[in-house]
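S.K.: Below are the structure tokens for one structure; questions will follow.
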Amino acid sequence: MSAPRLVKAPISLLFSEANVDKEAYEREYQKLSESDEDPISQWLKLAKARGETRESDPILLELIVELHRKIDALEMFIKNELPQRLSLTTKSEIEAIGFEHFALEDTILVPKEIYYGRIDMPVYPQHDVPVFFQAVDEKLAKILKMHERDEKEWNAYITARERILIRESRERQ
């Protein structure tokens, strides 16, 4: 197997071995999908499907929805309610990413082991990306399962990182 092409990217990852509680991890994975995201997102999707947002500015609409999410988050904070997330055992930094792979800074993976994790994606709106992955070696992981929306954001982030690195390389010359 040839080495995958990876791009440097500073991202955090929480993960555990998937076989510890596969059913619970699968349930959280589904819960963190776009379809179960939050009521305001569901409302917006339905409104778009019915054509009720046709005459609205899409960027302004998205910003208003994000403000609503922030208010919901503040309300949860004030009520001392935390989003229900499973406890994951290991925290690591992702050093580099590719379209189907990522590499960790630390050599902590067990080759061929399958893991469940949440990636803290630095995209707008910020959210956790649930992912199942398999260790290729102690640092390299292959993504096995990621939601379609998250995969699109992941790919767009890789492309943006490549552009930044190309620009930095040109500036150094």
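The values are calculated or read from the model by the stated rules, or taken from the named source; none is laboratory data. Quick caveat: nothing in here was measured; it's all calculated off a predicted structure. When we count neighbours, we look across all protein chains shown, and the Cβ atoms used for this are built from the backbone with ideal geometry, even at glycine.
S.K.: Do any helices (runs of 4 or more DSSP H) entirely within the range 1-113 hold 3 or more residues that are at pLDDT 90 or above, and if so, which? Steps first, please.
M.R.: Values: elements: 22-31, 39-50, 58-78.
In the range 1-113, 22-31 are the helices (runs of 4 or more DSSP H) which contain 3 or more residues that are at pLDDT 90 or above.
S.K.: Would the range 136-143 turn up any residue that is under 23 Å from E28 (Cβ atoms) and not basic (K, R)?
M.R.: Restricting attention to the range 136-143, the residues satisfying the condition of being under 23 Å from E28 (Cβ atoms) are 141-143.
Adding the requirement that they be not basic (K, R) leaves 141, 143.
Within the range 136-143, one or more residues are under 23 Å from E28 (Cβ atoms) and not basic (K, R).
S.K.: On to the next question. Sort out which residues of the range 128-152 are part of a helix (DSSP H, G or I) and surrounded by fewer than 17 Cβ atoms within 10 Å (Cβ to Cβ), and write them in order of number. Let's see the steps before the verdict.
M.R.: First, the residues of the range 128-152 that are part of a helix (DSSP H, G or I): 148-152.
E148, R149, E151, K152, listed by residue number.
S.K.: Shifting gears a bit: When you go through E62, E26, E100 one by one, which is the residue that is touching a strand residue (DSSP E or B) at 6+ places or on another chain (Cβ under 7 Å), under 24 Å from K152 (Cα atoms) and charged (D, E, K, R)? Break it down into steps so the answer makes sense when it comes.
M.R.: Working: E62 fails: touching a strand residue (DSSP E or B) at 6+ places or on another chain (Cβ under 7 Å); E26 fails: touching a strand residue (DSSP E or B) at 6+ places or on another chain (Cβ under 7 Å).
Answer to the selection: E100.
S.K.: Among the residues of the range 150-171, is there at least one that is over 26 Å from K22 (Cβ atoms) and in contact with a Ser or Thr (Cβ under 8 Å, 6 or more places away or on another chain)?
M.R.: Among the residues of the range 150-171, not one is over 26 Å from K22 (Cβ atoms) and in contact with a Ser or Thr (Cβ under 8 Å, 6 or more places away or on another chain), which makes the answer no.
S.K.: Kindly list, by first and then second residue, each pair from a residue in the range 86-97 that is in contact (Cβ under 8 Å) with a residue 24 or more places away in the chain and within 11 Å of L140 (Cβ to Cβ) to a residue that is among the acidic types (D, E) and surrounded by fewer than 18 Cβ atoms within 10 Å (Cβ to Cβ), limited to pairs with Cβ atoms under 7 Å and residues at least 6 apart or on different chains.
M.R.: As it stands, the answer is E95/E105, since those pairs meet every condition given.
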